[in-house]
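Enquirer: Structure in structure tokens, see below.
The values are calculated or read from the model by the stated rules, or taken from the named source; none is laboratory data. This is a predicted model, so every value here is computed, not measured. All Cβ positions, glycine included, derive from the backbone under ideal geometry; neighbour counts span all protein chains shown. Remember, those area values only see protein heavy atoms, side chains included, never the ligands or the DNA or RNA. Shrake-Rupley method; radii C 1.70, N 1.55, O 1.52, S 1.80 Å.
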Amino acid sequence: MELVNLIQQNLLSPHLLFFALGIIAGLLKSDLAIPEQLGKFFAIYLMVTIGFQGGVAIANAGQVDGRMAATLAGGWLVGLLQPFMGYFLLQKTTQLDKPTAAAVAAHYGSISMVTFVAAQNFLGGRAVPYAGYIVAVIALMEAPAVLSGLFIAYKADPSLRTHSPQASSQLVRHIATNGAILLLIGAFFIGWITGSQGLQKVAGLVTPLQAILLFFLLDMGLLVAQHVADLKGFSISLLLFGIYMPLINSLIGIGVSMLIGLDKGTGFLFTVLVASASYIVVTAAMRTALPQAKVAIYLPMSLAVTFPFNITLGIPLYFSLAERFLL
């Protein structure tokens with residue numbers, strides 16, 4: 001009953017309702033649209049704000065302790081290993097070709113920053129505290145998932161490497177210079193260096209967060225609607241993978257959180273990261289380094305199946321698990 005109440009409360013949040021409005025408008029072929037440059041600004045604002053606040057939280061926390069280091073290491077290791085499990089399940093349950101299966105698996109080993117921000121907002125509405133250093137896990141879980149996905153693809157079919165001889169160097173460069181990762185890490189360290197005094201000087205940065213998130217989710221709803229048509233050719237097993245994979249990953253996230261000894265709020269956010277799926281950084285990396293994989297499969301799976309599931313039902317479910325198993 002408590003889980004049902006959490007789901008109902010989440011479904012009635014203004015942010016989620018605006019996300020639903022975007023989907024409805026897109027499906028109705030409305031002329032409602034968010035200008036592309038404004039959408040990019042929303043994304044940049046969220047990355048700067050979340051990264052900066054995370055750095056400030058670490059500065060306020062004082063010395064880096066073993067739990068913080070274990071959380072960062074745990075996020076990196078989970079991001080590295082998850083694609084192998086995802087690929088195994090896809091090979092057993094679907095008819096996907098090997099490059100596409102590897103690309104899908106990489107997406108489910110990485111993270112969705114928007115899902116993370118929605119989870120933060122969920123905690124904020126319940127006044128549940130969490131450790132700011134969890135923000136650093138966002139950047140740490142991008143690169144290992146991409147590398148694992150490519151390793152899987154090349155191991156399954158060595159001939160793929162001959163199709164893109166510069167794939168390795170391009171991948172390294174892409175990860176090292178990716179704007180999202182640079183911005184998150186940069187804002188994080190700036191917040192860490194400047195601390196509370198820096199936050200006071202840019203107090204206006206945090207104030208519009210909830211409003212910007214509302215417009216961003218409206219834009220994401222419109223984007224999801226654009227890819228719904230791609231789902232028509234999907235098999236039931238693929239659609240089910242987009243739902244049961246985050247559920248499996250959430251159990252891994254809760255388990256790792258218990259091993260580390262994370263509190264309820266921090267463990268919940270860690271679990272959300274582990275259970276989410278990328279549709280930005282990993283998609284760009286796969287299109288560059290593994291062009292043989294079908295983008296019409298892996299992008300709508302993460303964006304049009306898993307993302308809405310996590311935003312609507314996943315977040316309250318993961319919070320319920322955190323309340324049950326974490327202090």
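Enquirer: What does the accessible area per residue of the stretch 32-165 come to in Å², with a 1.4 Å probe and no ligands, DNA or RNA counted?
Expert: 40 Å²
Enquirer: With the alpha-carbon atoms as the only input, what is the per residue convex hull volume for the chain in Å³?
Expert: Hull volume over Cα atoms, normalised by residue count, gives 134 Å³.
Enquirer: Under a 5 Å amide H to amide H cut-off, with H placed in plane at 1.01 Å, what residues pair with S110 once short-range neighbours are removed?
Expert: Hits under the 5 Å cutoff: S278.
Enquirer: Taking loop as defined by DSSP and a crowding limit of 12 other beta carbons within 10 Å, which trypsin sites (Lys or Arg not before Pro) in the stretch 1-75 fit?
Expert: For trypsin sites (Lys or Arg not before Pro) across the stretch 1-75 that sit outside H, G, I, E and B with at most 12 neighbouring Cβ atoms in 10 Å, the list reads K29.
Enquirer: With a 1.4 Å probe and all protein chains left in place, how much of the accessible area of the chain comes from carbon and sulfur atoms, in whole percent?
Expert: It is 67 percent, rounded to a whole number.
Enquirer: Hey, in the GNM for the chain with a 10 angstrom Cα cutoff, which one of G221, G195, G124 fluctuates hardest?
Expert: G124
Enquirer: Turning to a different aspect of this structure: Anything in the chain that counts as a DSSP H helix reaching 30 Å or more along its axis (C-alpha) with Kyte-Doolittle mean of at least -1.0? List them, would you?
Expert: Span-like helices here: 36-61, 66-93, 236-260.
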